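Comments concern the structure below.
The values are calculated or read from the model by the stated rules, or taken from the named source; none is laboratory data. None of these values were measured; they are calculated from a predicted model. Please note: Cβ atoms are built from the backbone with ideal geometry, for glycine as well, and neighbour counts cover all protein chains shown.
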Amino acid sequence: MAQKNALRLHYTDKKSGAGLQTLMSDIVPAHELWCIQRYAYEGSAATSGGNTRARTYVEGHGYKHYVSEKDGPSLATLYWDPDSIWLHEGERLAQEWDQAADGNVLDLYVNGYREEV
């Protein structure tokens, strides 16, 4: 049986320029499998105008594999998805905010475990 090691990660970035803003996790290294048991996210500045949303996706297949969306996210509000997501070698979790304000600080919190494969 593969050994499970705790995975508790926090990513943050202050974004310059309004519009589409993206925050990404680390890429899953070779010979590892990550089970994201819960992730949470927030932005410090409200979105405004047009298509306001926060989407989560898995990157690493040459396209965005979307897994969740929150319409009209509010500032300084923590959102989470309790569904597990498996990330394979070369993949990473990404959070994108559309119509985000200049100076927005994005945070992504990841909890789960990693296994060697």
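Just one residue in the set ASP13, ASP26 is acidic (Asp, Glu), modelled with pLDDT of 90 or more and assigned to a strand (DSSP E or B); that residue is ASP13. Of the strands (runs of 3 or more DSSP E) lying entirely inside the stretch 70-117, the ones with 1 or more residues being among the charged types (D, E, K, R) are found at 79-81, 92-100, 105-116. Applying the criterion of being of a type in the set (Ser, Thr, Tyr) and more than 12 Å from TRP97 (Cα to Cα) to the residues of the stretch 1-30, the residue that is surrounded by the most Cβ atoms within 10 Å (Cβ to Cβ) is SER25. From the list GLU69, GLU59, GLU91, the lone residue that is crowded, with 18+ Cβ neighbours inside 10 Å and out of contact with any Phe, Trp or Tyr (no Cβ under 9 Å at 6 or more places or on another chain) is GLU59. For the stretch 29-48, the set of residues classified as over 12 Å from the mean Cα position of the chain (by Cα) and at pLDDT below 95 consists of SER44, ALA45, ALA46, THR47, SER48, listed by residue number.
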